[in-house]
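The values are calculated or read from the model by the stated rules, or taken from the named source; none is laboratory data. It should be emphasised that the depicted structure is a prediction, and the values quoted were computed from it without experimental measurement. Every residue, glycine among them, receives a Cβ derived from its backbone with ideal geometry; neighbour counts consider all protein chains shown. The area values use the complete protein model at the heavy-atom level, side chains included, leaving out ligands, DNA and RNA. Shrake-Rupley method; radii C 1.70, N 1.55, O 1.52, S 1.80 Å.
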Amino acid sequence: MRVYNFSPGPSALPLPVLEKAASEMTNANGTGQSVMEMSHRSKDYKPIFEKTESLLRELMGIPSNYKVLFLQGGASLQFAMVPLNLAAGDMPGKGKKASYIDTGIWSDKAIKEGAKYASVEVKASSKDKAYTYIPEAPAPSADDAYYHITLNNTIVGTRWDKIPDTGKVPLVSDISSCILSEPLDVSKFGIVYAGAQKNLGPAGVTVVIIREDLIGKAPDWTPIMLRYDTHASEGSMYNTPPCYSIYMIGLVLEWIKNLGGVNAIAKLNMEKADLFYNYLESSKMFYSPVEKQFRSLMNIPFVTTEKDEAKKTELESRFVKEAAAAGLINLAGHRLVGGMRASIYNAMPIDGVKALIDFMKKFEG
Ligand SMILES: *Cc1c(COP(=O)(O)O)cnc(C)c1O
């Protein structure tokens, strides 16, 4: 029996995708090989790669003046690649200015990494209230090389409800945990990037969508593998790309297309999130610590009303354990924030959310 997996990442994949991959495991498209065994430059692999890119372009409505790159190193490497390519100076050390908004642990990591190569200014932060809201986004400085936000905050469960207007300054966003969860106007951004293992496919590949005029600005001392122009000019094949993970993204995109595309998936996601938030509102034991306006559709942290610390810890660990025994796994909150969290990415069926709510109602007694 398959469990309902509420992991924040790597996370559940759609069952039809896994079944398709299984059916092609040893012989893909009649080639007599697994996709894992194909040369990345072969005629067998080429259509797989091209299909993944074209489906992503179609589903996200990516304008033609943007390149799509399939890289490695996770979203975490983009924390360094963005400042290196857009703001670094002629010598290692602090380069051009860049603005960041601090909305949680991932933004904070991006800020710390960015500060190694750019003159970073944190324009606003929601740290004062444990990151439970999204702050107003102040205007960029006129000479900013870019302006960075984290669109969906996986750990604390917040999401930007509107995209800030940064004028001529390129807006850069980490969209790891919300890519393809609802429509996104890519043309409002200079760069968006996402590790695949939340909403796109298995770990090992990072999608970077970059406006062409932002490519080719890295200083000479930038390692060749960390330059956007290296990967853009070689079609993500300067070296061996994560071929199998790219193939899996292709299957996930096909699945989304068959469901009716991003609008259809967004409708389902809103239904799932509404169901769960509404239950939390009605619960006497559990609640969401996040301000209503900024609640994530993908990651829903929740805590108990228990005031006594020791009892609270006991209650929460019992909850996570008993849920797992009931086939509802990975509900513990992030190790840095505690509590519980249900990640309900695209692949989580509404029945999984309903099963969780039923379990929580019984647990409450
Ligand atoms: C998971 C996550 C990351 C880290 O991704 P890696 O691919 O493991 O480097 C960064 N940002 C956000 C918003 C995430 O959810």
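A few comments on the model shown:
- Enumeration of residues in the range 108-136 that are among the aliphatic types (A, V, I, L, M) and more than 21 Å from the chain's Cα centre (by Cα): Ala115, Ala118, Val120, Val122, Ala124
- Within the range 160-176, considering residues that are in a strand (DSSP E or B) and without any contact (Cβ under 8 Å) to a residue 60 or more places away in the chain, the one nearest to the ligand (Cβ to nearest atom): Ser173
- Single match in Tyr193, Tyr228 (criterion: over 19 Å from Leu253 (Cβ atoms) and of a type outside the set (D, E, K, R)): Tyr228
- Look at the range 140-159: where a residue is part of a loop (DSSP other than H, G, I, E, B) and a partner is β-branched (Val, Ile, Thr) and within 8 Å of the ligand (Cβ to nearest atom), sitting 6+ places away or on another chain with Cβ atoms under 6 Å, you get Leu151/Ile175.
- Candidate set from the range 289-318 (those that are aliphatic (A, V, I, L, M) and not in a strand (DSSP E or B)); member that is farthest from the chain's Cα centre (by Cα): Ala310
- Within the range 278-330, being within 15 Å of Thr132 (Cα to Cα) and surrounded by fewer than 19 Cβ atoms within 10 Å (Cβ to Cβ) holds for Tyr287, Pro289, Glu291, Lys292, Gln293.
- Figure legend. Inter-residue proximity from the range 59-81: first residues free of Cβ contacts under 8 Å to residues at least 12 places away in the same chain, second residues not in a loop (DSSP other than H, G, I, E, B), beta-carbon distance below 9 Å, spacing 6+ or different chains. Indicated pairs: Ser64/Arg57.
- Residues that are under 23 Å from the mean Cα position of the chain (by Cα), closer than 21 Å to Pro63 by Cβ, away from the ligand (no atom under 12 Å from the Cβ) and of a type in the set (Val, Ile, Thr) occur in the range 229-251; there is at least one.
- Filtered residue count, the range 177-196, keeping only those that are open to solvent by 10 Å² or more (accessible area, probe 1.4 Å), part of a loop (DSSP other than H, G, I, E, B) and either within 12 Å of the ligand (Cβ to nearest atom) or in contact with a Leu (Cβ under 7 Å, 6 or more places away or on another chain) (or both): 2
- For the range 137-177, residues that are under 24 Å from Ile300 (Cβ atoms) and either of a type in the set (D, E, K, R) or in contact with a helix residue (DSSP H, G or I) (Cβ under 8 Å, 6 or more places away or on another chain) (or both) total 14.
- Failed condition for Tyr147, given (1) among the aromatic types (Phe, Trp, Tyr); (2) within 15 Å of the ligand (Cβ to nearest atom); (3) under 23 Å from Ile215 (Cα atoms): (2)
- Positions within the range 204-221 being crowded, with 17+ Cβ neighbours inside 10 Å and in a loop (DSSP other than H, G, I, E, B), in sequence order: Gly204, Val205, Ile215, Lys217, Ala218
- Checked against the criterion of being within 16 Å of the ligand (Cβ to nearest atom) and surrounded by 22 or more Cβ atoms within 10 Å (Cβ to Cβ), the range 112-125 has at least one qualifying residue.
- Going through (1) part of a loop (DSSP other than H, G, I, E, B); (2) more than 16 Å from the ligand (Cβ to nearest atom) one by one, Lys20 falls short only on (1).
- Test: residue in the range 339-362 that is assigned to a loop (DSSP other than H, G, I, E, B), among the polar types (S, T, N, Q) and over 29 Å from Glu58 (Cα atoms): no
- Among residues of the range 44-80 being in a loop (DSSP other than H, G, I, E, B), open to solvent by 20 Å² or more (accessible area, probe 1.4 Å) and more than 16 Å from the ligand (Cβ to nearest atom), the one that is farthest from Asn258 (Cα to Cα) is Asn65.
- The set of residues in the range 209-228 being among the acidic types (Asp, Glu) and within 23 Å of the chain's Cα centre (by Cα) consists of Glu212 alone.
- Residue count for the range 112-128 satisfying the condition of being within 16 Å of Pro92 (Cβ to Cβ) and either assigned to a loop (DSSP other than H, G, I, E, B) or aliphatic (A, V, I, L, M) (or both): 5.
- Residue check, Ser39 open to solvent by less than 70 Å² (accessible area, probe 1.4 Å) and either within 16 Å of the ligand (Cβ to nearest atom) or without any contact (Cβ under 8 Å) to a residue 12 or more places away in the chain (or both): yes
- Met360 meets each of the listed conditions (1) over 25 Å from the mean Cα position of the chain (by Cα); (2) open to solvent by 30 Å² or more (accessible area, probe 1.4 Å) apart from (2).
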